[in-house]
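What follows is a single structure, written as structure tokens, with notes after it.
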Amino acid sequence: MKGGREASGAVSGFRVRGMTDGDPARIVDFRAVVKWPADPGAFDLLRGMRDVRWAVAESPEGVICGMVGAVPFVGGVGILCHLAVRREYRNIGLGASLTAWAVAYLRSRGTKLVRLYTTPEAENVYRSVGFEPGEFRTVYRLEKPGERASPKFGGHRVETLCFGDLPEMHGLDRWSYGADRGGLILSILRLHPGRGLVARDSSGRMKGYLVRSHSSGEIRIGPFMASDEKVAETLLSRAIEGGDAPIRIVVPGEDGPAHELIRDFGFAGKRDRLRMEMGEIPEPGGLEEYATTAYLAT
């Protein structure tokens, strides 16, 4: 695991530095005492991805007391994730120092927009370094899909995602999302097996796709992109049919076509974390986003 340079402006006596090969074992203890601001499974998901970097804050006594992750996507979008500081070391500026480290690394990789989802406790930290608030995301959950959902097939054919579909899906996702998150999607498919689905029209053109994966006794859906509501309905019908495990979908924002569609299938939703951003917001085209990537909301 590659380390990085120390951050300038770190709190006196503390070091903010790139994570090294010896740190993951120490992170296990840190994870046991800190409430993660992101899905814990995303740490293992991201560790093997190219260009992802992590930083830790180390006390004068050598205790790891904070960490942060930085995920750059080709195309100018970067994700700041897993910012956490041990409770006894909070309110002394470590959160801001770790955030500054992550932003500096992402900028060095050509990132124009840095995006994150925050807990209420960390919102002021992000505001202090220049992040602006956006919309809250919504987490939907369907407890008994076999009993509550009825397939509603539309006019498109839906097929299981295969290896040959990946180049087309990759290009369409980059156009629709505004940056290249293909490495993250492949990591999800590799580490959390499930079933991807693609929807095609009568000419064979891809009009939508979703990734359906298994983790911690539930099914997670995302990313989920579609050209219109009918395509989205067809994909979601296929994704939830025949299953008995709870299903989880994370939708950006609190308005839009995705919410009505997902509620129609019996999902119950609740407001979750706030999206915050810094920099130039891309203008994606292509498909409509119905769910963020699972494990690391993008």
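Kindly check whether there is at least one residue in the stretch 130-147 that is modelled with pLDDT under 90 and exposed (fewer than 13 other Cβ atoms within 10 Å of the Cβ). There is at least one residue in the stretch 130-147 that is modelled with pLDDT under 90 and exposed (fewer than 13 other Cβ atoms within 10 Å of the Cβ). Any residue that is on the phi > 0 side of the Ramachandran plot, outside any strand (DSSP E or B) and either surrounded by 23 or more Cβ atoms within 10 Å (Cβ to Cβ) or outside the structural domain of residue 171 (by TED's automatic domain parsing) (or both) - is there at least one of those in the stretch 288-298? Within the stretch 288-298, one or more residues are on the phi > 0 side of the Ramachandran plot, outside any strand (DSSP E or B) and either surrounded by 23 or more Cβ atoms within 10 Å (Cβ to Cβ) or outside the structural domain of residue 171 (by TED's automatic domain parsing) (or both). Exactly one residue out of 16, 68, 28 is at pLDDT 75 or above and either assigned to a helix (DSSP H, G or I) or under 19 Å from the mean Cα position of the chain (by Cα) (or both): that is 68.
Of all the residues in the stretch 96-137, those that are in a loop (DSSP other than H, G, I, E, B) and among the polar types (S, T, N, Q) number 2. When the stretch 65-76 is filtered for residues that are closer than 14 Å to residue 178 by Cβ and in contact (Cβ under 8 Å) with a residue 40 or more places away in the chain, the ones remaining, listed by number, are 73, 74, 75, 76.
When the criteria are applied in full, residue 237 meets the requirement of being more than 20 Å from residue 285 (Cα to Cα), among the polar types (S, T, N, Q) and in contact with a Gly (Cβ under 9 Å, 6 or more places away or on another chain). Flag set for residue 62, criterion: more than 18 Å from the chain's Cα centre (by Cα) and without any contact (Cβ under 8 Å) to a residue 24 or more places away in the chain. Within the stretch 102-127, being over 18 Å from the mean Cα position of the chain (by Cα), closer than 24 Å to residue 271 by Cβ and either in the same structural domain as residue 251 (by TED's automatic domain parsing) or among the basic types (Lys, Arg) (or both) holds for one residue alone: 127. Would a scan of the stretch 220-241 turn up a residue that is in contact (Cβ under 8 Å) with a residue 40 or more places away in the chain, surrounded by fewer than 22 Cβ atoms within 10 Å (Cβ to Cβ) and under 30 Å from residue 106 (Cα atoms)? The answer is no; no qualifying residue exists.
The values are calculated or read from the model by the stated rules, or taken from the named source; none is laboratory data. Because the structure is predicted, anything quoted here is derived from the model rather than measured. Note that each Cβ is placed from the backbone with ideal geometry, even for glycine, and that neighbours are counted across all protein chains shown.
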